[in-house]
1. Tell me the GluC sites (Glu not before Pro) within the stretch 19-103 that lie in a loop according to DSSP and have at most 12 other beta-carbon atoms within 10 Å.
2. Among 100, 69, 48, which residue has its Cα furthest toward the positive end of the charge dipole of the stretch 38-103, with +1 on Lys/Arg Cβ and -1 on Asp/Glu Cβ?
Amino acid sequence: MIMTAWAKGDPEKLEQWAADNQETMQQVLSSAKEHGLIAHRFYGADGQIIVIDEWPDAESFQRFYEANSAQIGPMFEAAGAQDEPGVTFWRTLETHDAHGWGA
């Protein structure tokens, strides 16, 4: 299951916070793996940040987020995000044209 978390924010400020807080980033990543994380990336565009993760199911992500929100919140605040990221869960559609990513 793919999870996206989108927020308005400054990608450069997020990168700077991550560079300044590498130990926290690694602790959160370790916790995510313990909760079942399969893959993870941050992406940025002009005034926007998106996280794209792959999880076994939505419940695994929700347990992870509840356990780590105290570490995740300051990261988004440092990037200038005003609201909680909008989280969406996406299921794979069987369209018979999958390519890449282990298809």
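1. 94
2. 100
Any read-out appearing in this document is the output of simple, stated calculations on the displayed coordinates, not a laboratory observation. Bear in mind that the values here come from a model prediction, so they are computed numbers and not experimental data. Positions of Cβ are generated from backbone atoms using ideal geometry, with glycine treated the same way; all protein chains shown enter the neighbour counts.
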